[in-house]
Amino acid sequence: MTELSAAPEVSAGAGRDERLPYVDNLRVALTVLVVLHHVAVTYGDFPVWYYTEEAEDPSGKVLDVFVILNQAFFMGFFFMIAGYFTPGSYGRKGPRPFLRDRWKRLGIPLLAFLLVIRPMVNFDSFGAVREAFAESGHGLPYWVFYLVTWDAGPMWFVEVLLLFAMVYVRVRRCRPSVPAVTGVLRGRSVVAFGAGLTVATYAWRIVVPAGTYVPVLGLPTPNYLPQYASFFAVGVLAWQRGWAASLSRRAGRLGFAVAAAATAGYAPVAILSPQRALDGRGTWQSLAAAGWESVFAIGMVIGLAVLFRERLGRQGPRGAFLSRHAFAVYLTHPVVLVGLGHGFRWLDAPAVVKFAITGVLALPLCWGLAWAVRRLPRADRVL
């Protein structure tokens, strides 16, 4: 079976505890995708955002495809990157300081979103619900609406990451010594992982189909939890075995090719399947969907990891600025997108045009707002 790793030119422990510019650049790219993903949701046919305008022209379907492709891999990739840096952080700090640091750096932004940002962006839905209550002769105080609709919005990622961190600490306490050894990532191992993830995702969606919503926690895509958990675990293993540095260029090209081929093969199934058949509940179409998502995600992760390492591995002052503010962008971008959505409500244009205009304006505004937020006293200690 083909090996996906080239012989590494570094020692077993090299690069694992040092900052990797190409990974920082990957985080920036994925954060850009998060922002554009939510812009696409704003103007597409998936009304699962704080402000939405349902598409009234065929270009909305283009945005839907963009959302589906993104969803198949980008949050899983975030979890993998987080998993990659977890063993080194745990090793330097120890269990209690590690968890304390996680709660500080993730818990405080989560609380800030819930108490400050969320009230700034959910006023649209409050207005609609309040009008419905008024028509029936009842009032609705905002605090009641706030508590009843409590969820973490896009910060669900932080909730799940905190859970994974606690599980990791528990595992390490049971197995304190985990040697870091360089290993070769073999093709058959990747195939076996993809097959296992497909089966796990298919089985999980019998119980938790697409569209399932978890109140309070606010998980928008709990049907992807097998991918999130397994990718986090793979990130941990990648650190321990040096996979990130040893993946060959051929592996990167193969990853993109496999992702493209899987998408071409899955497209007829997605187009011709009955409504909701892809969601789960044991249908053969949901098995095909789980298989495509798994193969596509693995291929894109390998391809992008190699591409950024080989071609986008340097970082100047601008890149460092973007990287330094990426998490703050993730935290605050709903404010920018909801504001722009209302600002362009008057514009009568195809969905893809409004997506392009809003996206072009949103990205610099998001980083500008992140810069301003990080200048608040002590904010840069957690963002």
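Which residue out of VAL23, VAL48 is β-branched (Val, Ile, Thr) and assigned to a helix (DSSP H, G or I)? Step through it out loud before you land on a result.
Values: VAL48 fails: assigned to a helix (DSSP H, G or I).
Result: VAL23 is the single residue among VAL23, VAL48 that is β-branched (Val, Ile, Thr) and assigned to a helix (DSSP H, G or I).
Looking at VAL144, VAL116 in this structure, which one is part of a helix (DSSP H, G or I) and modelled with pLDDT under 85?
So the residue among VAL144, VAL116 that is part of a helix (DSSP H, G or I) and modelled with pLDDT under 85 is VAL144.
Restricting to region 195-248, give me the number of residues that are touching a Leu at 6+ places or on another chain (Cβ under 9 Å), assigned to a helix (DSSP H, G or I), surrounded by fewer than 22 Cβ atoms within 10 Å (Cβ to Cβ) and of a type in the set (S, T, N, Q).
Residues meeting the conditions: 3.
VAL295 - would you say it is within 22 Å of TYR228 (Cβ to Cβ) and touching a helix residue (DSSP H, G or I) at 6+ places or on another chain (Cβ under 9 Å)?
yes
Is it true that LYS104 is more than 19 Å from TRP239 (Cβ to Cβ) and open to solvent by 50 Å² or more (accessible area, probe 1.4 Å)?
yes
Among the residues of region 367-380, is any on the phi < 0 side of the Ramachandran plot, surrounded by 19 or more Cβ atoms within 10 Å (Cβ to Cβ) and touching a residue at least 60 places away in the same chain (Cβ under 8 Å)?
No, every residue in region 367-380 fails to be on the phi < 0 side of the Ramachandran plot, surrounded by 19 or more Cβ atoms within 10 Å (Cβ to Cβ) and touching a residue at least 60 places away in the same chain (Cβ under 8 Å).
Do the conditions hold for LEU361, that is, is it open to solvent by 60 Å² or more (accessible area, probe 1.4 Å), at pLDDT 95 or above and among the hydrophobic types (A, V, I, L, M, F, W, C)?
yes
Is it the case that some residue within region 319-336 is among the basic types (Lys, Arg), surrounded by fewer than 19 Cβ atoms within 10 Å (Cβ to Cβ) and at pLDDT 95 or above?
Within region 319-336 (the criterion being among the basic types (Lys, Arg), surrounded by fewer than 19 Cβ atoms within 10 Å (Cβ to Cβ) and at pLDDT 95 or above), the answer is yes, since at least one residue qualifies.
From (1) in contact (Cβ under 8 Å) with a residue 60 or more places away in the chain; (2) over 17 Å from VAL190 (Cβ atoms); (3) open to solvent by 30 Å² or more (accessible area, probe 1.4 Å), pick out the condition that doesn't hold for PHE308.
(3)
So in region 107-159, with the set limited to residues that are in contact with a helix residue (DSSP H, G or I) (Cβ under 8 Å, 6 or more places away or on another chain) and without any contact (Cβ under 8 Å) to a residue 24 or more places away in the chain, which one is most open to solvent (accessible area, probe 1.4 Å)?
Filtering first and then ranking leaves ARG130.
The values are calculated or read from the model by the stated rules, or taken from the named source; none is laboratory data. Keep in mind the model is a prediction, meaning the values are calculated, not measured. FYI the Cβ positions are ideal-geometry reconstructions off the backbone, even for glycines, and counts take in every protein chain you see. Keep in mind that these areas ignore ligands, DNA and RNA; they rest on the heavy atoms of the full protein, side chains included. Shrake-Rupley method; radii C 1.70, N 1.55, O 1.52, S 1.80 Å.
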